[in-house]
Amino acid sequence: MVHYLGGRLWQSIVLLLLVSVIGFALLHLAPGGPLSQFTLTPGMTQAQMTHLAAQMGLDRPLPIQYLDWLWHLLQGDWGRSYRDNRPVAQVIFGHLGATLLLMVSGMAISLSIGVYVGIKSAINRGSFFDYMTTVGSMIALSIPTFWFGLIAIYLFSVKLGWLPAGNMYTIGNGSLLDYARHLILPASVLGLVDVATWSRYMRTATLEVIHQDFVRTARAKGLSHGRILRRHVIGNALLPMVTLAGMQLPAMLGGALVAETVFTWPGMGRLFRDSLGYSDYPVVMGLLMFSAILVLVGSLVTDLLAAVIDPRIRLG
Amino acid sequence: MTDRPLGSFATLSRRQALTLLGATAASVALAAHAGSAAAAMPKTVKGQLTIAFSQEPTVFNPHLLHIEVDEGIHFSIFNPLFGIDENGKFTPALALDVPTVENGGISADGLHWHVKLRDDVQWHDGKPFTAEDVKFTLELLVDPAFRSWRRAGHDLVRDLTVVSPTEITWRLEKPYAPYASILASTFIVPKHAFDGVADKNNASFNNAPIGTGPYKWAERVAGDHILLTANTDYFGAGPHLEQVIYKYVPDLTVLYTQFKTGDVDVTGLQWITPDHYDEAKTLPGKIVQVVPGATIESLTFNMERPQFKELAVRQALYAALDKATIIEALYYGLPKPAESYMPQESFYYNPDLPKHVFDLDKAKALLDGAGWKPGADGIRAKNGIKLSFTNSTTAGNHIREQVQQYIQQNLKSIGIEMTISNLPPAVMWGDYWMLSKFDSVIVGLDFVTGDPDTSDFFLSGASPAKGGGGQNTWQYVNPEVDKLLMQGASSFKPEERKVAYLKIQELIRADLPFLPMFQFATVRGRAQDVKGFTPNVNTRIDSWNIGDWSRG
Amino acid sequence: MSAVSLTPESSAPDRWWRHRAVQRFLRHRLALIGLAMILVLGAACIFGPMLLPFDDLFIDLRARFAPPLTGAHWFGTDPLGRDLAARLFMAGRISLLVGFMAMLTSTVIGSVVGVIAGYRGGLVGMVLMRFVDAILSFPSLFLLLALAAFIKPSPAMITIIIAVTSWTEIARIVEAEVRSLRDRDFVLAARMLGLSRRSIMVHELLPNVAGPIIVAATLTVARAILLEAYVSFLGYGIQPPVPSWGNMLNGAQQYLANAPWLAIVPGVAITMAVTAFNFIGDGLRDALDVRSELD
């Protein structure tokens, strides 16, 4: 086990290095750059641009810039945002909360609907409900998230006027209810897209459990249907669900980033697009490493949990 | 991030120009003490106001590299020595009066400056404001280790001397008339906030600014909003509001929606999009106003491309440009057609330039006459050069993308092929623009920044692609214009300069290095009870006079 | 599956439509619906523009923002007065082609890398798969936008960009399958017969992982259509005036209140196409008996 973990750790480090090299090269080699937005500033001259580039160290050879960045990173210094002038870690964590709120709410929605639908269609296998939910969740899976968002805004904000079209809260209000009203649309859009993932999984898991001996025994003992479901089906399906959640993490993050741009949600997705637009290299690199680490941790936890749950899986 | 935010201390009024150069009597000193009279009265502040920007202000040290939206915060928190109002007049702020040749503030040769300061000003942290702060500010701007947003002008300052806490003098290396308008956008920062700070780029002040202005820094929720509170010790009139909130709303449609619902009181930078104007006008409880800007929208050529070298081609393209329809249909009739790069409000504007006429037949005749004959594919060519080019602008600017496609269709009908190739802003305005790597571009530029001198744009030696330091990205070369530009820049008499600049406009209208389309006008909206809002083309942001704003 | 089959594979008649997988696919109702949807969409995109009285590029500013069913404009017009139906069908040609070509490219790259990494294993496999993992840990948004900054956008370039971001999933699936087959008897036998590495990979391994590849490829078309839509929606994809489903949505948010059909029409087309490919993928998965990761 220790050996296995060591190996995984080693691989992860290699992977992170690779991600950082590719990301760094892509960013810095792309035309434009952090100074191009200032070319149209009054009084700006080519000479001053050159001077600024030298100040910011952008005139050095790329490998040197990379090693410099890496060296600082290894010392725990993520650099400073060009645009925001604050430490990158602080900038990122400032936006993390909003994204987490959106992701968690989205996942809560897709989980609760998915689990309910999955169990119900397993019990009533082949029924109209089963069929319609399968089709429905597949369609939801196919809708472009950003377009789904647009349509939701059109229906619920523009036409019906029930819910706000964007933002996280109304300034000067900030009550829980206000947050909730703003959260409903983006979280639903994000959640509904993922229902299929959960409902399919729950359907299969439930079908498996229903046919197992102990459930038959339980039923023979006269336990009620609901009780069997609660005790055995959900209990048995729960742990694998955590692994599934781990695997869904990167996809969830990707979805949240897209939803944020449509709903002007002040999270990491907006930060990412803004920073990319400003060529704010330190922040983009920081976000990149952050999401890569998230993906790695997600998959590691998934594998470990899978081993814990299923003794047949041996790590290493 | 858009190409709009060019500088614009655009249009010095004629009187202003004269005042600066000491040719006539100044009248601005009168306004000098208006502020101190008001200061004696007790401040009553009430209500809060939300201003929305579609970009996020993030740079709060006004001298660090920043973009125009950041200046919204700067104007609220800081003061310059003197500001510039909507008529292009300088008004004293931290200075007791605006230095002129008459009042002895500027020597007759324009080299020696002497500024007297107010003695009743306190920083937000309670410390007194003195001449040392002014000295520190002007030194900071040219500090080689500091990531300064603007050196031009300040790098001419020599012998900076604090005479007393309320007096400062300096000498300019050479006479430089635009320096006054540069000072009008130079906010004074407190020296004591940088005491013992080794790296001024990363001073804690930069994220918790201390100023002398009408509003104080209270809170920032990154990615969302900035909250400022009234500075009740402010030396000028105002502030009248308890709180001002600068809200970041990255999408203009959402911004408009929030304005409609009342979540936003004032639509700040990038304002209301033209397609919403008709609806916005009818909104109850809102005031919606069309405000002309100094920005000139043009279709710009790279004159080094073989297709564009011939004048007849550029003339034909101009004749094929359906300006009227673009303005009426796509921009909802808001902007004014333009023939010159000079804003129509300027003292130096030439109103007698030939008027553009949209005439596809004339365009065809011009091309035929010049020997550009349609090839087998319907595209005209001459000596093996096809009349085909790309056109670029900032990706995501929807109305401009519509304009491009409309132009494309008209050009196609006369045998010219225009391909659209739009780029993200960071790419567009980098080397692609500066080093003239484009064929043609649709761009809105502010040519005139405080002074009518446009050497940076039109001097033949000002093309970065040819090693120049300016922004002559069309690579325009005309020896006569060069001569006139020199003449205009070396003269000190506005009337004399005007002659040169009128002629330059005429020459450029004839040479057509770019096809002038229109002078921008934008739609600004605010809630009815917001008082004090005054558009000012001489500043880059609507909240330039936020200290005077009130509600109710 | 082999446990329940009574007749050996070889004795089945050689008619492809009698093949068990085909039979199973044909019994899969959703897959058939998906197939039908694609055929209808495809036919509309191929023949639609010929039947409509409008050109997809013709600008008529007098007819701006006509709502659906105005005269002969079934789906209305866009902000430049162009017929939305004509644009939708022409856009479909581009979007479906981009999706299809991106699928082909990424399937080829993914399969080659996957087979090599899975069969060779060792250092080569390690390096290849770590590279795949590295690409997979990028948010696809980042890769797309970063790459779009490099290249002048054209349908071909967008295809390549999408392929670059989506071949890795196929590589991962193929690698895992091949790795599990590497030490099977038939491979060992081939090796003993002295077949070259390449011929083992191409003739022995590849056909055996065809099932998962076909399923993954189908889902990749769906994914590629979505990606094209998103990049073009952001304005970095297919450039006007050439329409694509994605760039038709570009700017639609601005007109949501007054001209919602600009958003609805192309969005429905995208959703239909993606749903169809997902249905087909689902059917193929069942028919070819490919275990998905999740089930």
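Looking at B:A193, is it more than 24 Å from the chain's Cα centre (by Cα) and of a type in the set (A, V, I, L, M)?
Yes, satisfied.
Out of the range A:107-130, which residues are of a type outside the set (G, A, S), loosely packed, with under 14 Cβ neighbours inside 10 Å and assigned to a helix (DSSP H, G or I)?
A:F128
Which number in (1) crowded, with 23+ Cβ neighbours inside 10 Å; (2) of a type outside the set (D, E); (3) closer than 30 Å to B:I272 by Cα; (4) under 18 Å from the mean Cα position of the chain (by Cα) marks the one condition that C:V268 misses?
Condition (1) is where C:V268 drops out.
Tell me which residues, restricted to the range A:18-37, are touching a residue at least 12 places away in the same chain (Cβ under 8 Å) and part of a helix (DSSP H, G or I).
A:V19, A:S20, A:V21, A:G23, A:F24, A:A25, A:L27, A:H28, A:L29, A:S36, A:Q37
Is it the case that some residue within the range A:280-290 is in contact with a Phe, Trp or Tyr (Cβ under 9 Å, 6 or more places away or on another chain) and acidic (D, E)?
Within the range A:280-290, one or more residues are in contact with a Phe, Trp or Tyr (Cβ under 9 Å, 6 or more places away or on another chain) and acidic (D, E).
Is the range A:87-103 home to any residue that is more than 18 Å from the chain's Cα centre (by Cα) and outside any helix (DSSP H, G or I)?
Within the range A:87-103 (the criterion being more than 18 Å from the chain's Cα centre (by Cα) and outside any helix (DSSP H, G or I)), the answer is yes, since at least one residue qualifies.
Mind checking which residues of the range B:208-219 are more than 25 Å from the chain's Cα centre (by Cα) and within 17 Å of A:N85 (Cα to Cα)?
B:A208, B:I210, B:W217, B:E219
Any residue at all in the range C:109-116 that is within 14 Å of chain A (Cβ to nearest Cβ) and either among the aromatic types (F, W, Y) or without any contact (Cβ under 8 Å) to a residue 24 or more places away in the chain (or both)?
No, that holds for no residue.
Given the criteria in the same structural domain as B:K437 (by TED's automatic domain parsing), part of a loop (DSSP other than H, G, I, E, B) and buried (at least 22 other Cβ atoms within 10 Å of the Cβ), does B:Y332 qualify? If you could, list the steps in order and put the result at the bottom.
Working: in the same structural domain as B:K437 (by TED's automatic domain parsing): yes; part of a loop (DSSP other than H, G, I, E, B): yes; buried (at least 22 other Cβ atoms within 10 Å of the Cβ): no.
No, not satisfied.
Residues of the range B:416-442 being more than 7 Å from every other protein chain (Cβ to nearest Cβ), surrounded by fewer than 21 Cβ atoms within 10 Å (Cβ to Cβ) and part of a strand (DSSP E or B), which ones? Walk me through how you get there before you give the answer.
Looking only at the range B:416-442, we keep the residues that are more than 7 Å from every other protein chain (Cβ to nearest Cβ), and these are B:416-419, B:423, B:428, B:435-442.
Remaining after also requiring surrounded by fewer than 21 Cβ atoms within 10 Å (Cβ to Cβ): B:417, B:419, B:435, B:437, B:439.
Of everything in the range B:416-442, those that are more than 7 Å from every other protein chain (Cβ to nearest Cβ), surrounded by fewer than 21 Cβ atoms within 10 Å (Cβ to Cβ) and part of a strand (DSSP E or B) turn out to be B:E417, B:T419.
In the range C:205-217, what residues are under 10 Å from the mean Cα position of the chain (by Cα) and surrounded by fewer than 24 Cβ atoms within 10 Å (Cβ to Cβ)?
Hit for the range C:205-217 is C:A217, nothing else.
Answer with yes or no whether A:D77 is outside any helix (DSSP H, G or I) and either in contact (Cβ under 8 Å) with a residue 12 or more places away in the chain or more than 30 Å from A:Q212 (Cβ to Cβ) (or both).
On the way: outside any helix (DSSP H, G or I): yes; either in contact (Cβ under 8 Å) with a residue 12 or more places away in the chain or more than 30 Å from A:Q212 (Cβ to Cβ) (or both): yes.
Criteria met by A:D77.
Among what's in the range C:241-261 and is within 15 Å of C:A91 (Cβ to Cβ), among the hydrophobic types (A, V, I, L, M, F, W, C) and within 11 Å of chain B (Cβ to nearest Cβ), pick the residue that is surrounded by the most Cβ atoms within 10 Å (Cβ to Cβ). First the steps, then the outcome.
Kept after step one, since they are within 15 Å of C:A91 (Cβ to Cβ), are these residues of the range C:241-261: C:241-252, C:261.
If we keep only those that are among the hydrophobic types (A, V, I, L, M, F, W, C) too, we end up with C:242, C:245, C:248-249, C:252, C:261.
With the extra rule that they be within 11 Å of chain B (Cβ to nearest Cβ), the set shrinks to C:242, C:252.
On the way: C:V242: 18, C:A252: 25.
So the residue we want is C:A252.
When you look at A:H51, is it surrounded by fewer than 17 Cβ atoms within 10 Å (Cβ to Cβ), within 10 Å of another protein chain (Cβ to nearest Cβ), assigned to a helix (DSSP H, G or I) and modelled with pLDDT under 90, yes or no?
Values: surrounded by fewer than 17 Cβ atoms within 10 Å (Cβ to Cβ): yes; within 10 Å of another protein chain (Cβ to nearest Cβ): yes; assigned to a helix (DSSP H, G or I): yes; modelled with pLDDT under 90: yes.
In short, yes.
Within the range B:222-255, restricting attention to residues that are of a type in the set (S, T, N, Q) and out of contact with any strand residue (DSSP E or B) (no Cβ under 7 Å at 6 or more places or on another chain), which residue is surrounded by the fewest Cβ atoms within 10 Å (Cβ to Cβ)? Break it down into steps so the answer makes sense when it comes.
Residues of the range B:222-255 of a type in the set (S, T, N, Q): B:229, B:231-232, B:243, B:253.
Checking the rest, the ones that are also out of contact with any strand residue (DSSP E or B) (no Cβ under 7 Å at 6 or more places or on another chain) come to B:232, B:253.
Numbers: B:T232: 13, B:T253: 22.
Result: B:T232.
Hey, among the residues in the range A:264-284 that are in contact with a Gly (Cβ under 6 Å, 6 or more places away or on another chain) and farther than 19 Å from A:L101 by Cα, which one's surrounded by the fewest Cβ atoms within 10 Å (Cβ to Cβ)?
A:P282
Please specify each residue of the range A:131-146 satisfying the condition of being assigned to a helix (DSSP H, G or I) and β-branched (V, I, T).
Hits for the range A:131-146 are A:T133, A:T134, A:V135, A:I139, A:T145.
Looking at (1) away from chain A (no Cβ under 13 Å); (2) in contact (Cβ under 8 Å) with a residue 40 or more places away in the chain; (3) among the charged types (D, E, K, R); (4) in contact with a strand residue (DSSP E or B) (Cβ under 8 Å, 6 or more places away or on another chain), which one does B:K281 not meet, given that it meets all the others?
It is condition (2) that B:K281 fails.
Looking at B:D542, B:D529, which one is under 30 Å from B:F187 (Cβ atoms), of a type outside the set (A, V, I, L, M) and crowded, with 23+ Cβ neighbours inside 10 Å?
Checking each option against the conditions leaves just B:D542.
Kindly indicate whether any position in the range B:258-271 is at pLDDT 90 or above, hydroxyl-bearing (S, T, Y) and out of contact with any Lys or Arg (no Cβ under 9 Å at 6 or more places or on another chain).
no
Among the candidates B:T100, B:T137, B:T91, which residue alone is assigned to a loop (DSSP other than H, G, I, E, B) and in contact (Cβ under 8 Å) with a residue 24 or more places away in the chain?
Checking each option against the conditions leaves just B:T100.
Of everything in the range B:233-247, what is out of contact with any Pro (no Cβ under 8 Å at 6 or more places or on another chain) and closer than 15 Å to B:F78 by Cα? Give them in sequence order.
Correct list: B:D233, B:F235, B:A237, B:V244.
In the range B:357-381, what residues are basic (K, R) and surrounded by fewer than 17 Cβ atoms within 10 Å (Cβ to Cβ)?
Matches in the range B:357-381: B:K362, B:K373.
For the range B:338-360, indicate whether the set of residues that are within 14 Å of another protein chain (Cβ to nearest Cβ) and either touching a strand residue (DSSP E or B) at 6+ places or on another chain (Cβ under 8 Å) or hydrophobic (A, V, I, L, M, F, W, C) (or both) is non-empty.
Of the range B:338-360, the ones within 14 Å of another protein chain (Cβ to nearest Cβ) are B:358.
Next, only the ones that are either touching a strand residue (DSSP E or B) at 6+ places or on another chain (Cβ under 8 Å) or hydrophobic (A, V, I, L, M, F, W, C) (or both) stay: B:358.
Scanning the range B:338-360 turns up at least one residue that is within 14 Å of another protein chain (Cβ to nearest Cβ) and either touching a strand residue (DSSP E or B) at 6+ places or on another chain (Cβ under 8 Å) or hydrophobic (A, V, I, L, M, F, W, C) (or both).
Which count do you get for residues in the range A:69-80 that are surrounded by 13 or more Cβ atoms within 10 Å (Cβ to Cβ) and closer than 16 Å to A:L18 by Cα?
3
The values are calculated or read from the model by the stated rules, or taken from the named source; none is laboratory data. The structure displayed is predicted, hence computed values, not measured ones. No Cβ is skipped: glycine too gets one built from the backbone with ideal geometry, and neighbour counts run over all protein chains shown.
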